[in-house]
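Q: What follows is a structure written as C-alpha cells; I'll ask about it next.
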Amino acid sequence: MVTNDSSKLTNTEWYLDTGCSNHMTGRRDWLIDLDEFVKKNVRFADNSTVKAEGLGRVLIQRKDGKRSSINEVLYVPTMHNNLLSLGQLLEKGYKSMLEDHHMNIFYQKSRMIIKAPVSSNRTLRLNSRFNKIKSASQSLKTLKVGSGIRGMVT
C-alpha cells in the first residue's frame, strides 16, 4: 500500500487495514489540527520504514450531508494510499463484522457507519466520499466533533 515515488498523486480512496496500527494518509491538504511535533517511524511487513511527520484529523462528508472527522491520522508524506486502521477503530469501541462480501463497521453496537465491499483483489476499499471537503484550508475551523470516525455513513 505504500510507495516512495513522490511524483505519483495520492489516492483518494481509503483502505480498511487490519495490519496497520494507525490511520495514515499522505495528503497534507486534508489534515486539520496537524501536530507536526509528532514524529514516528512506520514499519511495514517487509521491514522497510518511513517517517510520519505529524498527527491530525481529516474532515469527511457524511451521507446525511453533515461533516465529521477521522481523528488521530498520521501524516506520512511518502504514502500514496490512505489507510484506516481496524485496530484503532476497535480500540475506540467500534465493532466489525464480515458478511456477504462486505465488512460492516458499527458504532454503539447497532449503528452501521461503514459498509465496505470486498474488491476483486480481496481488499476493503472505501470510495472518495470522505474527501468531498476539498482541503483543510477550506474547512470549518469551528467544527466540533467527537473522537474516532463517528458518523462515517455510507
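The values are calculated or read from the model by the stated rules, or taken from the named source; none is laboratory data. For clarity, every value in this text was computed on a predicted model and none was experimentally measured. Methodologically, a virtual Cβ is constructed for each residue, glycine included, from the backbone with ideal geometry; neighbour enumeration extends over all protein chains shown. Ligands, DNA and RNA are excluded from the accessible area calculation, which covers all protein heavy atoms including side chains. Shrake-Rupley method; radii C 1.70, N 1.55, O 1.52, S 1.80 Å.
Q: If you project the alpha carbons of the range 20-113 onto the principal axes, what extent comes out on each, in Å, largest first?
A: That works out to 37, 32, 21 Å along the principal axes.
Q: While we're on this one: Residue separation times 0.36 nm, minus the C-alpha to C-alpha distance between Ser110 and Glu91: what's the value?
A: On the way: separation 19, 0.36 × 19 = 6.84 nm, distance 1.69 nm.
Stretched out fully, the Ser110 to Glu91 stretch lengthens by 5.1 nm.
Q: So if each residue of separation counts as 0.36 nm, and I subtract the Cα-Cα distance between Ser120 and Ser48, what length gain in nm does that give?
A: Gain on extension, Ser120 to Ser48, equals 23.2 nm.
Q: Using a Förster radius of 25 Å, what is the FRET efficiency between Glu36 and Glu13 based on their Cβ-Cβ separation? Nearest 0.05, please. Spell out each step's value before the answer.
A: Numbers: r = 25 Å, r/R0 = 1.01.
Once the sixth-power term is evaluated, E becomes 0.50.
Q: Using label points projected 7 Å from each Cα along Cα→Cβ, tell me how many nm separate Glu99 and Ser21, to one decimal.
A: 3.3 nm
Q: If I compute solvent accessible area with a 1.4 Å probe over the protein chains, what percent of it on the range 1-101 is carbon and sulfur?
A: Numbers: 2500 of 5440 Å².
Roughly 46 percent of what the probe reaches on the range 1-101 is carbon or sulfur.
Q: A further question follows. If we count every other residue with Cβ under 12 angstrom of Gly56's Cβ, Lys/Arg +1 and Asp/Glu -1, where does the sum land? Walk me through the numbers before you get to the answer.
A: Values: positive: Arg27, Arg28, Arg57; negative: Asp29, Asp33, Asp35, Glu36, Glu53, Glu72.
Here the count lands on -3.
Q: Right, next: Taking amide H positions as placed in the peptide plane 1.01 Å from N, state which residues far from His23 in sequence (5 or more) or on other chains have amide H under 5 Å from it.
A: Leu74, Ser85
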